[in-house]
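The block underneath contains the structure these notes are about, expressed in structure tokens.
Here, each number is a calculation from the coordinates, and none is a lab measurement. Since we're looking at a predicted model, the values are computed, not measured. Glycine also receives a Cβ, built like all others from the backbone with ideal geometry; neighbour counts cover every protein chain displayed.
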Protein chains: 2
Amino acid sequence: MAEEPFLDDAEALPRLARITIIGVGMIGGSFALSLKGKGVVDEVVGYGRSRERLETAKNLGVIDRFSCDLTEAVTGADLIFLAAPIDASKRLLKELVSLVGPEVIITDAGSVKQEIISAARESLEEGLAMFIPGHPIAGKEKTGVTAADGALFVDHRVVLTPVEETNRYATQRVRRLWEIAGADVVEMDAMEHDRLLAMTSHLPHAVAFALVALLGEQQNAEEFFPLAAGGFYDLTRVASSDPVMWRDIFLNNKEPVLAGIDGYITVLERIRELIRLGNGTELEAIFEHARETRARIRTGRVV
Amino acid sequence: MAEEPFLDDAEALPRLARITIIGVGMIGGSFALSLKGKGVVDEVVGYGRSRERLETAKNLGVIDRFSCDLTEAVTGADLIFLAAPIDASKRLLKELVSLVGPEVIITDAGSVKQEIISAARESLEEGLAMFIPGHPIAGKEKTGVTAADGALFVDHRVVLTPVEETNRYATQRVRRLWEIAGADVVEMDAMEHDRLLAMTSHLPHAVAFALVALLGEQQNAEEFFPLAAGGFYDLTRVASSDPVMWRDIFLNNKEPVLAGIDGYITVLERIRELIRLGNGTELEAIFEHARETRARIRTGRVV
């Protein structure tokens with residue numbers, strides 16, 4: 001276990017000799033670019049299953065070298081950044097326990113926090129202290145390392161959900177790295193995080209997936225498409241998100257997501273009933289309130 | 001009734017001495033700017049209920065003059081463009097019959113076509129021939145004349161839904177005006193239009209309004225907002241649309257909208273059940289299909 005050093009020097013830039021990015025996609029790649037751009041990391045190693053994608057990441061300058069062998073990829077790393085879909089991250093945590101020493105910080109970027117914490121608790125044993133659960137709220141529907149962007153996290157919120165056992169020094173270090181990447185970091189209870197994100201992110205994705213799925217099911221879908229307005233396109237942008245990532249998010253945050261969908265269907269059925277009854281006054285009031293509500297939403301950006 | 005002149009000269013620019021825009025908001029204002037920019041109209045007169053908004057439209061150069069008196073506003077107009085919410089347009093059609101001669105073209109921009117055609121049939125009598133039902137598919141969530149844009153319709157689809165009685169010459173003339181504004185014009189049966197738009201536009205708006213309404217209802221709504229990701233913001237953009245306009249759209253296209261909401265809830269409940277059962281394979285397949293479907297959607301833009 002790492003000693004807890006003196007923490008007052010929060011302004012000092014942390015230096016990292018080597019970090020390993022597990023899952024060099026948009027988020028993992030953007031994290032690497034953010035830190036490389038600030039000169040706080042000497043070497044970035046990439047790990048993934050696809051040699052071709054890792055080659056691309058290397059050619060783009062996102063990583064300095066890569067390996068498809070986990071042991072080789074994490075050897076000598078000061079920090080490991082897990083940016084794979086949740087179920088893959090859970091499996092990788094099990095493998096990491098025998099590969100890295102207790103001084104290595106592991107952090108992740110998953111959209112659900114309770115399940116990854118449970119996996120860390122089971123897999124890492126003593127190492128749980130050095131696992132810092134994190135979630136940068138800065139998605140795009142784009143996927144893959146070609147969408148990586150060193151400015152992706154600037155003025156975006158990053159949530160850390162440390163548990164009682166978490167090493168404070170390690171949390172502080174991860175916080176500083178995200179701040180260097182330009183993010184606004186908040187700490188929050190993992191259960192609270194999962195409940196809030198079910199409403200602000202997971203439910204909206206389910207809503208958009210369902211809408212596009214419905215259109216895709218129409219026998220004469222091609223007829224519809226030329227008449228889809230820009231609003232439809234914006235509304236369903238998130239339905240282009242990575243299917244595996246979202247499968248994992250829903251299945252790892254079941255109860256809050258199911259509750260969100262139920263609450264949502266209730267509201268939609270209320271609107272349906274008002275339309276059926278021709279109650280224009282109530283409909284208008286709901287739409288007016290929705291417009292006001294949306295104007296208050298700040299969307300993860302902090303400026 | 002206007003004679004049907006020789007139609008072969010489709011390339012010739014139509015000239016209009018005066019058009020009247022009823023409802024000088026984003027759509028009405030953009031139509032005016034599009035035609036003024038091409039120099040095919042000598043004078044644009046605005047009509048509305050708010051003198052202040054009409055003053056703004058005049059100051060922005062969208063209209064040349066205005067009146068809050070309908071008779072004064074439409075006197076001498078060659079063409080009247082109805083761009084008010086649907087119920088207001090239906091009422092205005094009733095008033096117009098006694099104010100304009102049978103040679104004046106009336107066209108509209110409403111998002112539902114069967115109801116406005118019924119109103120025209122009841123209100124205009126013989127004048128039905130000169131009413132050209134239209135719908136430019138080029139919305140923004142912005143409202144008001146300050147959002148007017150002379151390039152709004154460029155490469156966007158405009159649907160015309162003439163009926164059997166509609167004067168072909170008048171339809172052709174309105175088509176040419178939209179083409180001059182840069183739009184791609186298609187003709188379609190009104191019932192077909194309403195059925196398709198219920199799915200591609202009206203249902204998506206209901207879906208977005210319900211999502212924002214649900215969030216607004218949460219007791220601790222303020223907690224949620226800083227965690228709303230960019231996807232949420234895009235998804236709910238349309239929930240900022242004009243409440244009166246949307247109240248009218250839903251109530252004037254009831255049956256197709258209700259059928260759309262029912263179909264949508266069925267799909268969302270299917271996704272809910274797959275999450276509950278932990279059926280990752282099926283979920284992933286639905287999301288993969290949604291991603292493919294969305295990639296095929298062309299969103300009203302024709303390029």
(request) Determine the shape class of the protein assembly as shown: with a ≥ b ≥ c the square roots of the Cα gyration tensor eigenvalues, call it rounded for a/c under 1.5, and otherwise prolate if a/b is greater than b/c, oblate otherwise. (result) prolate
(request) Sort shortest first the distances from B:ARG296 to its counterpart in every other copy, using label points 7 Å along the Cα-to-beta-carbon line, and give them in nm. (result) 4.2
(request) Just tell me which aspartates and glutamates come within less than 19 Å, Cα to Cα, of B:LYS94; anything on the same chain fewer than 8 places away is out. (result) B:ASP69, B:GLU72, B:ASP78, B:GLU103, B:ASP108, B:GLU115, B:GLU122, B:GLU125, B:GLU126, B:GLU165, B:ASP248
(request) Can you figure out the FRET efficiency of B:GLU125 with A:THR266, using R₀ = 41 Å and their beta-carbon distance, to the nearest 0.05? (result) 0.35
(request) Taking each label point as 7 Å beyond Cα in the direction of the beta carbon, state the distances from A:ARG270 to the same residue in the other copies, shortest first, in nm. (result) 2.8
(request) Would you mind giving the mean number of other chain beta-carbons within 10 Å of the Cβ of each residue in B:252-259, as a whole number? (result) 2
(message) Taking each residue in A:269-280, count the Cβ atoms of any other chain within 10 Å of its Cβ, then average. What number comes out?
(response) 5
(message) Can you find, among B:ALA138, B:SER98, B:ALA57, the residue sitting farthest towards the positive end of the charge dipole of chain B, where Lys and Arg contribute +1 and Asp and Glu -1 at Cβ?
(response) B:ALA57
(request) Can you grab the distance from the C-alpha centre of the stretch B:68-86 to the C-alpha centre of the stretch A:150-190, Å, no decimals? (result) 59 Å
(request) Quick one: with label points 7 Å out along Cα→Cβ, list the inter-copy distances for B:ALA147 in nm, shortest first? (result) 2.7
(request) Determine the alpha carbon to alpha carbon distance for each of A:LYS113/A:LYS254; B:LYS36/B:LYS113; B:LYS38/B:LYS90; B:LYS113/B:LYS254; B:LYS36/B:LYS58 and list only those over 23 Å. (result) B:LYS36/B:LYS113; B:LYS38/B:LYS90
(request) Assuming a ≥ b ≥ c are the square roots of the Cα gyration tensor eigenvalues, decide whether the stretch A:1-158 counts as rounded (a/c under 1.5), prolate (otherwise, with a/b larger than b/c) or oblate. (result) rounded
(message) Please arrange A:ILE286, B:ILE249 by how many other C-beta atoms lie within 10 Å of their C-beta, fewest to most.
(response) A:ILE286, B:ILE249
(request) Answer rounded, prolate or oblate for the stretch A:197-289, using the Cα gyration tensor with square roots of eigenvalues a ≥ b ≥ c: rounded when a/c is under 1.5, else prolate when a/b is larger than b/c, else oblate. (result) oblate
